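Visitor: Pasting in a structure now, in structure tokens, and then I'll have a few things to ask.
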Amino acid sequence: MATQSAPEGACGPPPRPAQPGKPARYISKYSEHVRREAEKNKSQWKTMGPAKVAVPSPNDFLQKHSKEPKLAPKKKEQEGEKLLPLSVPGRTYHPVTRIKKNFIYKNAVAVIKGEPKKPRHFCVDTRQGDKYLLEPSGLFPKYIRKKNYGVIPKYVTRRNEEMKREEEEYQASVLEQLKKKALKTLSEEERTNILKALKKNWEEINRAFQTLPILTDTRYKKMHKEELELKLKQLEHDIAAIEKHKTIYIANV
């Protein structure tokens, strides 16, 4: 059977264009060095499975008493080396003999020479004769018979003295401050001198006021007249105040 051929004039797939040749893949010249470093630094357990170690031999089995500590072997006495002779005590040596103590005699002497025991005070509070020690009960006057009973302790006395001294220092400082801020009293002589000076000043200003012209037509004359009048009034007020009060106080400013 003859195969059917493509009809004449039929167009087939167009031929593929020729591709240009690809450049060779870049390979670093340090790749081998990097691979060796990675293999060298890789841990054994990071590989697949446990590390490969040497298997112990069956002949090296654990024996009895093999792990117990062993003493060093004794050194044999070499030729020419002899042990030192034992020390022998001399003729003048006298051993110390222990003296046996007679404890019965010693205790008897201590009892004979010792002070007799003082009787203990008891308190009986029932018909059956139940008793207890009187001293720890609180009924025995134990504390009031002490030598220092009722005596102020030293630390309390010391503290009171310190408080008293601090109070005196505080009062002295307050008085000093009050003296600094206190008013000064003007003496009689100073008062008289001040009064004379004020009156003399008033006479001088009054003389200048009397010599003023009758007609004050300018501004300067009016201001000068008013100034003199004010000074005269102030001096008259001061003179009257000093003459009225015999005792005058001056503040320390």
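The values are calculated or read from the model by the stated rules, or taken from the named source; none is laboratory data. Values in this document were obtained by computation on a predicted structure and should not be read as measured data. Don't worry about glycine lacking a Cβ; one is built from the backbone with ideal geometry, like all the others, and counts go over all protein chains shown. Keep in mind that these areas ignore ligands, DNA and RNA; they rest on the heavy atoms of the full protein, side chains included. Shrake-Rupley method; radii C 1.70, N 1.55, O 1.52, S 1.80 Å.
Visitor: Given a 1.4 Å probe and every protein chain left where it sits, what share in percent of the accessible area of region 186-253 is carbon and sulfur?
Guide: The C+S portion of the solvent-accessible surface of region 186-253 is 56 percent.
Visitor: Assuming 0.36 nm per residue, please report the length gained on full extension of the stretch LYS180 to LEU232 beyond their Cα-Cα distance.
Guide: 15.2 nm is the gain from fully extending LYS180 to LEU232.
Visitor: Given +1 on the Cβ of Lys and Arg, -1 on the Cβ of Asp and Glu, and no further charges, what dipole in debye does region 202-241 carry about its Cα centre, rounded to the nearest 20?
Guide: So the dipole magnitude of region 202-241 works out to roughly 220 debye.
Visitor: Between ALA241 and GLN128, what is 0.36 nm times their sequence separation minus the Cα-Cα distance? Round to one decimal in nm.
Guide: 30.5 nm
Visitor: In addition: Tell me, what ³J(HN,Hα) does each residue in region 185-200 have, in order and in whole Hz, if you take phi through Karplus 6.51 cos²θ - 1.76 cosθ + 1.60 with θ = phi - 60° and put x for Gly and Pro?
Guide: 3J(HN,Hα) across region 185-200, in whole Hz: 8, 7, 6, 5, 5, 5, 4, 5, 5, 5, 5, 5, 5, 5, 5, 5.
Visitor: Which Cα, out of ILE104, CYS123, PRO136, lies furthest along the positive dipole direction of region 91-137 (beta carbon charges, K/R +1, D/E -1)?
Guide: ILE104
Visitor: Further question on the same structure: Could you name the lysines whose alpha carbon sits less than 28 Å from that of LYS106, not counting residues in the same chain fewer than 8 places away?
Guide: Cα-Cα hits under 28 Å: LYS117, LYS118.
Visitor: Given THR192, THR218, TYR249, which one lies farthest toward the positive end of the charge dipole of region 179-253, if we put +1 on the Cβ of every Lys and Arg and -1 on the Cβ of every Asp and Glu?
Guide: Toward the positive end, the furthest listed residue is TYR249.
Visitor: Let me ask another. Pulled fully out, how much extra length does the chain show between ALA54 and LYS75, if you take 0.36 nm times their separation in residues and subtract their Cα-Cα distance?
Guide: The ALA54-LYS75 span can extend by a further 3.7 nm.
Visitor: Before I look further, what does region 69-178 give for accessible area per residue, probe 1.4 Å, in whole square angstrom?
Guide: For region 69-178, the per-residue accessible area is 115 Å².
Visitor: I need the fraction of alpha carbon pairs in region 119-253 separated by more than 22 Å, rounded to a whole percent.
Guide: Tail fraction, whole percent: 73.
Visitor: Once you put a point 7 Å from the Cα of HIS121 and another 7 Å from the Cα of LYS29, both along the Cβ direction, what distance in nm separates them?
Guide: Computed distance between label sites HIS121 and LYS29 equals 11.6 nm.
Visitor: Follow-up question, since we're still on this one. Hey, got a sec? Which chymotrypsin sites (Phe, Trp or Tyr not before Pro) in region 196-233 land in a DSSP loop and have at most 13 other Cβ atoms within 10 Å?
Guide: The qualifying sites: there are none.
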